[in-house]
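Enquirer: The structure is given below, and queries will be raised subsequently.
The values are calculated or read from the model by the stated rules, or taken from the named source; none is laboratory data. This one's a predicted model, so the numbers in the text were calculated from it and none came from an experiment. All Cβ positions, glycine included, derive from the backbone under ideal geometry; neighbour counts span all protein chains shown. All accessible areas refer to the heavy atoms of the entire protein, side chains included, with ligands and DNA or RNA removed. Shrake-Rupley method; radii C 1.70, N 1.55, O 1.52, S 1.80 Å.
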Amino acid sequence: MTGIFPPLTARITLLNNDCRELVAPTALVKKMGIVNQLDVHSSPPRLSDVLFEKNSPTFAALAPLPSNVEAIDAAIRFSTGDENFVVLVGPSGWGKSHLLGAIEGRLRTSGRESSRPIAAGKFVENQPRLASPGPLLLDDCQEVLANSKQRVMLRLALEHQMRAGRATCLSFTSPKITRPIRNFLPHPREWTICLIGNPEPAERKPLISQMAAADGLSLSSTLIRIIAQEMHGNGRTLSGALKRLRLAGTTWQDGHGTVRACGLLDPFFADNSSWDLKHRILRTTENLRSMLKDLSPADLSIYVMLRVASLSESEVARATDTEPAEVYLRACKFEREILKDQSKSSTIRQYLEAVANSLTGE
């Protein structure tokens, strides 16, 4: 997975609820010069590069978090020759393949010969044509474990690598470091095995913030919190969500921007059974009736769903028990009313801030 993580710094400030500071391990700090040399002259990514992932993976595009900092440290040490045998384990979509690509890029930059990262199954099927005198980088090794013949062939290849003293880095997609993984490795004590965990919501907030900055997006703190807490999935999900926002605009601040963004991202919340944007808008309207004064609560809800959140007429009609044609007409009429009255526009802004805050699930 390429380019989903923001720049690496020696001192990482995690913007969690306690505002505590995490200091990267000493070994990682010592390698900072190497990391900084890679991207010191890099320019901001173009939209085409972001969409089609043309940028090569680098260590400088990774955010050290408690869930992945040991794996990043091990990968950097592998790329500098301080580690010879490394195993990366973690769930899909949180940076294992990116780390392998960053290792290959660093080896190439330093003039060391290395094979490109390759799926373990493909490597086994095409030996010895893919054999290389340099470091070996194998991805998706868990697929080989399920095939007895391939498993034996790969283990023999790893034993050969170790006897020859050739550096090897493997990645396994697994939620934890399991006994089958350990038992598969020849001379397991000689391997450094690191787990890349699934980041908690508190870790996702700085991650999303820096991912957005790398893509040229300006997100409200409320929107960042909503995405971190309410959006399930992995790093690819977050990356896809930010790409969708980037296509629609770059600034997503205040209540209006936050609610509009949540409407655009509504499909990305589909696997969260507690997420219902329409229901939360209606509930907020009901709770704030006294603040709305002479505004029609029903028309306000329809307007926000249709014109702010950009939900479809059919969705809004089902949520409000109204005909789609009537939804459109009522939204247009309501919009004309608030454009004529500045005081109503001010009330709408306050209302949208309340809607945005209701979406955090707190």
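Enquirer: Enumerate the helices (runs of 4 or more DSSP H) found wholly within the range 152-252, keeping only those where 3 or more residues are without any contact (Cβ under 8 Å) to a residue 60 or more places away in the chain and closer than 27 Å to SER79 by Cα.
Expert: Here the list reads 179-184.
Enquirer: Look at THR237 and say whether it is among the β-branched types (Val, Ile, Thr), under 12 Å from the mean Cα position of the chain (by Cα) and open to solvent by 10 Å² or more (accessible area, probe 1.4 Å).
Expert: In short, yes.
Enquirer: How many residues does the range 193-230 contain that are of a type in the set (Val, Ile, Thr), over 13 Å from the mean Cα position of the chain (by Cα) and open to solvent by less than 10 Å² (accessible area, probe 1.4 Å)?
Expert: 2
Enquirer: Sticking with this one: Can you list the helices (runs of 4 or more DSSP H) lying wholly within the range 259-333 that have 2 or more residues being buried (at least 18 other Cβ atoms within 10 Å of the Cβ)?
Expert: Hits in the range 259-333: 277-287, 297-303, 313-320.
Enquirer: Here are LEU242, LEU195: which of them is over 30 Å from GLN150 (Cβ atoms), modelled with pLDDT of 90 or more and in contact with a helix residue (DSSP H, G or I) (Cβ under 9 Å, 6 or more places away or on another chain)?
Expert: Step by step, each of LEU242, LEU195 is checked, and only LEU242 is over 30 Å from GLN150 (Cβ atoms), modelled with pLDDT of 90 or more and in contact with a helix residue (DSSP H, G or I) (Cβ under 9 Å, 6 or more places away or on another chain).
Enquirer: Also, quick follow-up: What is the number of the single condition among (1) more than 19 Å from SER346 (Cα to Cα); (2) modelled with pLDDT of 95 or more; (3) not hydrophobic (A, V, I, L, M, F, W, C) that THR258 does not meet?
Expert: (1)
Enquirer: Would you be able to tell me the number of residues in the range 58-78 that are touching a Leu at 6+ places or on another chain (Cβ under 6 Å) and polar (S, T, N, Q)?
Expert: Residues flagged as touching a Leu at 6+ places or on another chain (Cβ under 6 Å) and polar (S, T, N, Q) within the range 58-78 amount to 1.
Enquirer: When you go through (1) open to solvent by 70 Å² or more (accessible area, probe 1.4 Å); (2) at pLDDT below 90 one by one for SER346, which number turns out not to apply?
Expert: (1)
Enquirer: Still on this structure: For the range 209-256: of the residues being touching a Phe, Trp or Tyr at 6+ places or on another chain (Cβ under 9 Å) and of a type in the set (Ser, Thr, Tyr), which is nearest to VAL355 (Cα to Cα)?
Expert: Going through the qualifying residues, I end up with SER220.
Enquirer: Also, quick follow-up: Considering every residue within the range 94-111, establish whether at least one is of a type in the set (Lys, Arg) and either more than 27 Å from the chain's Cα centre (by Cα) or not in a helix (DSSP H, G or I) (or both).
Expert: no
Enquirer: Taking THR360, is it within 35 Å of the chain's Cα centre (by Cα), surrounded by 13 or more Cβ atoms within 10 Å (Cβ to Cβ), among the hydroxyl-bearing types (Ser, Thr, Tyr) and not in a helix (DSSP H, G or I)?
Expert: yes
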